[in-house]
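Report on one structure; see the data block that follows.
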Amino acid sequence: MSEQVLPLAASTAHHDGPRPATFSWERAGIYAFLLVASLFFLLPIYTMVSTSLKTMAEVRATNVLMPPLAPTIEAWGAAWNQACTGLDCDGVQVGFLNSLKIVVPVVVLSILVGALNGYVLSFWRFRGANLVFTVLMFGAFIPLQMVLYPLVRLWSSLGLYGSLPGLIAVHVIFGLPVVTLMYRNFYAGLPIEIFKAARVDGAGFWRIFWSIFVPMSAPITIVVVIWQTTGAWNDYILGLTFGGRENAPMTVQLNNIIASQTGERQFNVEMAATMLTAMVPLLVYMVSGRWFVRGITAGAVKG
Amino acid sequence: MAEVEARNLSIRYGEFTALEKLDLTVPHGQFLVLLGPSGCGKSTLLNSIAGLQPITSGQIWIGGKNVTWAEPKDRGIAMVFQSYALYPKMTVRQNLSFGLKVAGVKAAEIAQRVQRAAETLQLHTMLDRRPAELSGGQRQRVAIGRVLVREAEVYLYDEPLSNLDAQLRVELRREIKRLHRHLGSTSIYVTHDQVEALTLADMIAVMNKGRIEQLGSPEEIYERPATRYVAAFIGSPAMNFIDGDIAIEAGKPVFKWGQASIPLDRYGFAAGATPGKATLGVRPEHIAHGEHAGGQDFLVETTIDLLEPMGSDTLVWCRTKEGQQIGLRVPTELRPREGDAMPLGISVSSASLFDTASGLRL
C-alpha cells in the first residue's frame with residue numbers, strides 16, 4: 001500500500017495555487033455547438049438587415065448573402081410611411097400606432113388585475129381559493145381557437161366586436177392566467193409574516209396591497225411588462241379577429257403589406273417593414289433581459 | 001389590566017389536530033413562555049391569540065373581553081415575528097409609524113412615540129435606513145420597536161430570536177426581559193429554546209402534541225417536572241433516566257435497579273408509593289462525584305466512557321457494568337480521564353420518579 005501512495009504524494013508536492021487550465025474535448029464540443037447555434041440564428045437576421053439596406057436594383061443584381069455595396073435607408077423610410085396595404089399607402093406607421101394603443105392599456109390592466117389576483121390567492125385564502133386557482137390555470141392551457149368563435153359572438157352581442165376596448169379586453173383576459181400565476185408565485189415566496197404584521201398593525205385589504213406589497217412587486221412586474229408587451233405586440237390572431245380594419249395591429253398590417261403586393265415584390269421594403277415590426281419586442285428584450293432573468297429568479301433568494 | 005385567556009380552544013386542520021381543548025390563563029403583567037418542539041402547537045396557539053389563525057372551537061379572552069371573533073388590530077396586541085417581518089420598502093421610521101398611521105394617530109404624536117421607541121432600542125441613528133441596510137440584530141430591534149410604539153397591553157413574540165446568532169440572541173434576550181420589566185404589560189413568548197424559556201419566563205407552559213404538559217414557574221418545571229416528557233425537554237445535558245421497579249421492602253419504598261435497591265424514604269411522593277415499573281430521573285448537575293459520592297442515598301460504580309469539555313465544565317459520560325449510561329457535569333480542573341473509575345452518588349430528594357407506562361410524576 002505505502003509504495004503506491006508515496007509516488008503520488010511526491011508528484012503532488014509542488015501543487016500550489018489555482019489549478020491550471022487544461023484542454024478538454026468536452027469544452028471544445030461546447031464551443032463548436034455554440035458557434036453553430038449562433039450562426040443558425042444570426043444568418044436570417046443578417047439577410048434581413050443587408051437586404052433592407054439595398055436598393056431594389058441591387059437586390060435583383062446580387063446574391064442574398066452579399067453585403068450591400070451602397071447601404072441606404074431608403075427602404076426603411078418607404079416601409080415606415082409609403083408601403084401599401086391594398087389601396088392605403090401610409091406604411092407600417094399606422095399599425096405601429098394601433099399596436100401602441102393596444103399594448104399600453106393591455107400591460108397596465110394586466111398588471112393591476114394580475115397583481116390583485118395573485119395577492120388575494122396568496123394571502124386572503126378564501127374557501128375554494130385552490131379551486132379558483134386551478135380553474136384559472138386550466139384557462140392558460142385552453143387553445144385560443146376553441147373559444148375564438150363563441151367569443152366573437154359574445155363580443156358582437158355586447159357591441160365590443162371590432163372595437164379597441166374589445167380587443168384590449170380579450171388580450172387582458174387571455175393573459176390573466178399566466179400573469180396571475182406569476183404574481184401569485186412571487187407573493188407566495190414572500191414571508192407570510194409580513195402580511196401578518198401588517199394585519200396586526202391594523203391595515204386592511206387595500207392598504208396592505210398598495211402600501212406593502214405593490215412597492216415590493218417591482219421584480220415580478222418587470223417580468224410581466226416584458227411578457228405582456230411581447231405577447232400583445234407579437235399577437236396576430238386576436239388582432240386579426242377582434243381588431244377590425246380600424247384597429248389592425250402592426251403584425252396584421254405587415255402581413256397585409258407582404259400578402260397584398262402586386263407586381264414586383266419589394267424585398268428591401270418588406271424586410272425593413274418586418275424589422276420595424278420586430279423592433280419593439282427586440283428592444284424590450286435588449287434593455288430589460290437582465291431584469292427579466294433577475295425577476296424570474298427573484299423568489300428564490302431572500303431579499 | 002390585560003389578562004389573556006384561552007378557553008376550551010381547539011384548532012384542527014382536516015384530520016390533524018393542532019390544539020385540543022386547551023385552557024390557559026395568563027394573569028396581567030406575567031411573562032408566559034410557550035415551550036415545545038416544532039409542531040407542538042405553540043405557534044398556532046400564539047397566532048390564534050393574535051387573531052391570525054382561525055379557530056375550530058373555543059374562545060379567546062383578552063382584558064376581560066371576548067375577542068374570539070375580533071380582528072387582530074382590535075385585540076390590543078402587538079407581535080414580533082421570527083423573520084422580523086419588516087416592510088422592506090419602508091425606512092425604519094416608516095416601519096415604526098405604519099401601524100399608528102393606519103390607526104389615524106396625529107403626526108406629532110407618531111413622531112414622539114417613534115422617537116421614544118428608537119431611543120429605548122438605540123435605533124435613533126438609523127431611522128432613515130431601509131431594513132436591507134441593517135444587521136439581523138438591528139432588524140429584530142426594529143421589529144420590537146414596531147411593537148413598542150403601539151403601546152399595546154399584550155405583547156406576543158413568535159420565536160423572535162431564532163434567526164439570530166448565539167451572541168446577539170443572548171443580548172436581545174436580556175433586552176426583552178428588561179423591556180418587559182419596564183413596561184409591565186402581559187407577554188406571551190413562543191420558543192423551542194429551553195434556555196430562553198428559563199431565563200425569561202415568570203411562567204412556562206411546556207407543550208406537546210397540542211396539549212399543555214405542564215404550566216408552572218421555571219423552578220417548578222426544572223425541579224419538579226410533571227411528566228417524563230417535560231423532564232427530558234428541560235435541562236442541558238438532558239436528565240438521566242434509569243428504568244427499574246418500585247417495591248416495598250420492610251415497609252419502606254425502594255427503587256430496584258438490577259441487583260441494587262435504592263431507598264426512597266427521602267423522595268417526596270405526590271401520592272404515596274405503589275409498587276410497579278418506574279423510571280428514576282436524575283439531572284446531570286445533581287450527581288455527586290469524587291469525595292461527595294459516598295454521602296448520598298446511593299453509590300454506583302462506573303467508568304468514564306467519553307468526555308465533552310465545555311470550558312469551565314466537562315460533560316462526563318459514564319457507564320455502569322450493566323451498560324447504563326449516566327452523564328454528569330464535572331469542573332474541568334478535576335481533569336477527568338477516559339477509562340478512569342468514577343463512583344457516583346445519587347440523591348433521591350433532588351431526583352424525579354415517573355411511572356414508566358404513563359410518564360407521569362410519582
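Only four residue types carry charge here, +1 at the Cβ of Lys and Arg and -1 at the Cβ of Asp and Glu. Report the dipole size of the protein assembly as shown about the Cα centre in Debye, rounded to the nearest 20.
Details: 57 positive and 54 negative charges, 358 e Å.
Taking the Cα centre of the protein assembly as shown as origin, the dipole is about 1720 debye.
At a 10 Å Cβ-Cβ cut-off, how would you order B:His28, B:His182, B:His286, fewest neighbours first?
B:His182, B:His28, B:His286
If you add up the charges near B:Gly210, with Lys and Arg at +1 and Asp and Glu at -1, over every other residue whose beta carbon is less than 10 angstrom from its beta carbon, what do you get?
Here the count lands on +4.
Efficiency by 1/(1 + (r/R0)^6): what FRET value for A:Asp88 and A:Val152, r their Cβ-Cβ distance, R0 = 30 Å, to the nearest 0.05?
Details: r = 25 Å, r/R0 = 0.83.
The pair A:Asp88/A:Val152 has a calculated efficiency of 0.75.
Given 0.36 nm per residue, what is the gain on full extension from B:Ala238 to B:Glu219 after removing their alpha carbon distance, in nm?
Contour length minus the Cα-Cα distance gives 5.2 nm.
Please count, across chain B, the pairs of lysine residues with Cα atoms under 25 Å apart that sit 8 or more places apart or on different chains.
Close lysine pairs under the 25 Å cut-off: 19.
Before rounding to the nearest 500, sum -39500 (n - 2.57) across all DSSP H runs of length at least 4 in chain B and divide by the residue total; then give [θ] at 222 nm in deg cm²/dmol.
-7000 deg cm²/dmol
Label A:Leu112 and A:Leu97 with points 7 Å out from Cα along Cα→Cβ: what is the distance between them in nm?
Result: 2.5 nm between the two label points.
So how far apart, in nm, are the two label points at A:Leu283 and A:Ile237 if each is 7 Å from Cα heading toward Cβ?
My value for the distance between the label points is 2.9 nm.
Just in the range B:239-299: which chymotrypsin sites (Phe, Trp or Tyr not before Pro) are loop by DSSP and have at most 16 other Cβ atoms within 10 Å?
Within the range B:239-299, the qualifying chymotrypsin sites (Phe, Trp or Tyr not before Pro) (loop, at most 16 other Cβ atoms within 10 Å) are B:Phe269.
Given DSSP loops and a limit of at most 15 other Cβ atoms within 10 Å, what is the longest stretch of chain A that contains no such chymotrypsin sites (Phe, Trp or Tyr not before Pro)?
A:24-123
Compute the longest continuous run of chain A that contains no exposed GluC sites (Glu not before Pro); treat a site as exposed when its DSSP state is not H, G, I, E or B and it has at most 11 other Cβ atoms within 10 Å.
Answer from the scan: A:1-245.
GNM, chain B, Cα, under 10 Å: largest mean-square fluctuation among B:Ala111, B:Ala231, B:Ala78?
Greatest mean-square fluctuation among the candidates belongs to B:Ala111.
How long is the gain from A:Ser260 to A:Thr12 if the chain were fully straight, where each residue apart is worth 0.36 nm and the alpha carbon distance is subtracted?
Extra length from A:Ser260 to A:Thr12 when fully extended: 81.9 nm.
If I take R0 = 22 Å and measure r between the Cβ atoms of A:Arg290 and A:Ala37 in this structure, what FRET efficiency does the formula 1/(1 + (r/R0)^6) give, to the nearest 0.05?
0.60
At 0.36 nm per residue, and after removing the present C-alpha to C-alpha distance, how many nm does the segment from B:Arg335 to B:Arg211 gain when stretched out fully?
Additional length available on full extension: 40.3 nm.
How would A:Met48, B:Met79, A:Met286 line up from fewest to most surrounding beta-carbon atoms within 10 angstrom?
A:Met286, A:Met48, B:Met79
Alpha carbons only, please: Rg and Dmax for chain A, in angstrom.
For chain A, the Cα-based Rg and Dmax read 27.0, 92 Å.
Throughout, read-outs are computed from the coordinates displayed, never taken from laboratory work. Given the structure is predicted, the values throughout are model-derived calculations rather than measurements. Note: ideal-geometry Cβ built from the backbone for every residue, glycine included; neighbour counts use all protein chains shown.
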